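Undergrad: Here it is, the structure in full.
The values are calculated or read from the model by the stated rules, or taken from the named source; none is laboratory data. It should be emphasised that the depicted structure is a prediction, and the values quoted were computed from it without experimental measurement. Please note: Cβ atoms are built from the backbone with ideal geometry, for glycine as well, and neighbour counts cover all protein chains shown.
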Amino acid sequence: MPDQEKGLSSLRRALALLRIVARGDPAGMRLKDIASAAGCSQSTAHRALQDLMAEGFVEQVEGGKRYRPSLDFFVLAARAGQAGGIRDLARPVLLRLATTLSDTIFFLVRNGYDAVCLDRVEGPFPIRSFTGDIGGKVPLGLGQGSLAILAHLPEAEQEEVIRFNIPRLIDRGFLDEAGLRAAIARAREQGWVNLNTGLIPGMAGAGVPVIDTQGRPVAALSVGTLAERLGPERLPGVVRILKTEADNLAAGLNPFDVTLRYPLRSLSNVRP
């Protein structure tokens, strides 16, 4: 094999192993498991991992029997994630949904115990919403997009949010904890949320979570509209369109995008 082809083959193998390690157990992966996932011998995998370690992309866990991505790898990925954030990625999706559905579309991202409206595109019908304009916040659980995020959190994390947010939700007109838990269970089972609670008279909405590659709900797409526009005949089609767009958006997410951890930073250059 010519040197150039050999070098390219080695590079591709190393990158393939890096992807495997990055998707593996955060505590690290054993050499034999990495080799098995890559479809190569342990000696071949070991040589490639040594190259990745020399370049600072992979490290050995204490004890030397497991491999995981290094801190330098995460720093590099985080810097790359700053080039184009989730808000920029979502903007065409919102415009497409607003045109397709002729309704107002919201894009929410979790911020601690709250959901922040990172972007919205107005439809032709005047509506009122819990979040208000871009930058508005609501407690997780209030509104269709916010509830879609809460319903798909890991159980322990979800429980913590519920305990913290129940008083805040009741203050905003939510019925009670039993009602919230029933809504969460329903949303998790069906994979989407439909709200027509009367908390905002005449308004209704539907929302779906945006799930990342780790299975975490990092955002939500939702539609807010007049109650008569989201009846049982139209609702399934609206949900189907939202879910398709949410899946497409999730496929393009950068897990190291700082917007996912600090959503308000991405709003610093947004004009009111």
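Undergrad: I'd like to verify a number: residues in the stretch 36-49 that are of a type in the set (S, T, N, Q) and under 33 Å from the mean Cα position of the chain (by Cα), how many?
TA: Result for the stretch 36-49: 1.
Undergrad: Inside the stretch 166-225, can you point out the residues that are of a type in the set (Asp, Glu), under 19 Å from residue 116 (Cα atoms) and within 25 Å of the chain's Cα centre (by Cα)?
TA: Quick first cut of the stretch 166-225, residues of a type in the set (Asp, Glu) only: 171, 176-177, 189, 212.
This time we only want the ones that are under 19 Å from residue 116 (Cα atoms), so: 171, 212.
212, the sole residue that qualifies.
Undergrad: So, restricting to strands (runs of 3 or more DSSP E) that lie completely within the stretch 104-209, which ones have at least 2 residues that are among the acidic types (Asp, Glu)?
TA: Counting at least 2 such residues, we get 114-121.
Residue-wise test of (1) loosely packed, with under 12 Cβ neighbours inside 10 Å; (2) in the same structural domain as residue 112 (by TED's automatic domain parsing); (3) in contact with a strand residue (DSSP E or B) (Cβ under 8 Å, 6 or more places away or on another chain).
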residue	(1), (2), (3)
162	no, yes, no
177	no, yes, no
189	yes, yes, no
193	no, yes, yes
212	no, yes, yes
216	no, yes, no
223	no, yes, yes
226	no, yes, yes
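Undergrad: Here is a follow-up. Filter the stretch 32-52 for residues that are assigned to a helix (DSSP H, G or I), of a type outside the set (D, E, K, R) and either over 27 Å from residue 212 (Cα atoms) or touching a residue at least 60 places away in the same chain (Cβ under 8 Å) (or both) and give the result.
TA: 42, 43, 44, 45, 46, 48, 50
Undergrad: Here's something else I'd like to know. Output the residues belonging to the stretch 113-136 that are within 27 Å of residue 181 (Cα to Cα) and either crowded, with 20+ Cβ neighbours inside 10 Å or modelled with pLDDT of 90 or more (or both).
TA: 113, 114, 115, 116, 117, 118, 129, 130, 131 - these are the residues of the stretch 113-136 that are within 27 Å of residue 181 (Cα to Cα) and either crowded, with 20+ Cβ neighbours inside 10 Å or modelled with pLDDT of 90 or more (or both).
Undergrad: Given 89, 94, which one is over 11 Å from residue 219 (Cα atoms) and under 14 Å from the mean Cα position of the chain (by Cα)?
TA: Working: 94 fails: under 14 Å from the mean Cα position of the chain (by Cα).
From the options 89, 94, the qualifying one is 89.
Undergrad: Separate question: Within the stretch 102-116, track down each residue that is farther than 20 Å from residue 226 by Cβ and not small (Gly, Ala, Ser).
TA: Matches in the stretch 102-116: 107, 108, 109, 110, 111, 113, 114, 116.
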